[in-house]
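I have placed the structure first, in the form of structure tokens, so that the comments after it can refer back to it.
Values in this text are rule-based calculations from the coordinates and carry no lab data. This structure is a prediction, so every number in the text was calculated from the model and none was measured. Heads up, the Cβs are rebuilt from the backbone with ideal geometry, glycines too, and the neighbour counts pull from every protein chain shown.
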Amino acid sequence: MRRTISILICFSLIFVFYICSNAFAENKSSKLNIPDNIPDSIVYDGKGDSILSIEHPQGAFVLYIKGNDESRHFHVRGYDSKGDSTELFVNTSEPYEGITIDPSQETVLLEISSNGNWHIEVRSIWTCDIIDSIGTYNGKGDRIVLLDVDAKLAQIEGNSAERHFHMRTYGDRSNLMVNTSEEYSGTVMMKYNPYILEVSAVGNWSITLS
């Protein structure tokens, strides 16, 4: 999955995330201001090539996408209200299941290229897993994870299949920690007060915070 993220787009995500957290929050003990009530997901099911107009739950959102059991070409691209492309969320010839994000939070239309059934959920960002303590988190495939922990370093392992492997955090600024097509093992800095982890991967991966 290709990511081309400008400073403006990063700030859009940061702004939306903080606005929605402050609007919902009553729990002040969390770095994230986790809301007591999480909006319901908006679910779409379809088959074949489609143009899908999507609604958003209140606050920042992520996309859960599943499809391509036939192992053909499967492509999901987003567009904003002006018809400009936002993100290429999925582009694969393998069965796909993952969670991804539009940093601009402006996607209102999805262009889907598929030979079979597909399932898409527009979910509140608060449905994502939360890392709330120092230690190891194990994941698989594309994921968005919230960071409710103060960490300085991240030991990252993954991409044994030697596909595209990408890890980025969002905080006061975005930080591209890993971007490779080779198997990866290394330790990087956790910069800019991160609270969102974006992972693009095929197969298993892990991140150990310290």
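If a/c stays under 1.5 just call it rounded; otherwise compare a/b with b/c (prolate if a/b is bigger, oblate if not). Do that for the chain, with a ≥ b ≥ c from the square roots of the Cα gyration tensor eigenvalues. Present the calculation step by step, with values, prior to reporting the outcome.
On the way: a/c = 1.76, a/b = 1.17, b/c = 1.50.
Because a/c hits 1.5 or more and a/b fails to exceed b/c, the chain counts as oblate.
Output the pairs from 47/82; 31/140; 66/140 with a Cα-Cα distance over 20 Å in this structure; if there are none, say none.
Details: 47/82 26 Å; 31/140 25 Å; 66/140 14 Å.
The answer is 47/82; 31/140.
For the pair residue 71 and residue 41, what calculated FRET efficiency results from E = 1/(1 + (r/R0)^6), where r is the Cβ-Cβ distance and R0 = 22 Å, to the nearest 0.05? Could the numbers behind the result be given before it?
Details: r = 26 Å, r/R0 = 1.20.
Working from the Cβ atoms, E equals 0.25.
Using Cα-Cα distances under 8 Å and only pairs 6 or more residues apart, what relative contact order does region 117-210 have, in percent?
Numbers: 228 pairs, mean separation 35.9, N = 94.
Answer for region 117-210 is 38 percent.
Given 0.36 nm per residue, what is the gain on full extension from residue 53 to residue 30 after removing their alpha carbon distance, in nm?
Working: separation 23, 0.36 × 23 = 8.28 nm, distance 3.42 nm.
Result for the pair: 4.9 nm of gain on full extension.
So what is the 222 nm mean residue ellipticity for the chain from helices alone, if each DSSP H run of at least 4 adds -39500 (n - 2.57) and you divide by all residues, rounding to the nearest 500 deg cm²/dmol?
Details: 1 runs with 18 residues, N = 210.
For the chain, the value works out to -3000 deg cm²/dmol.
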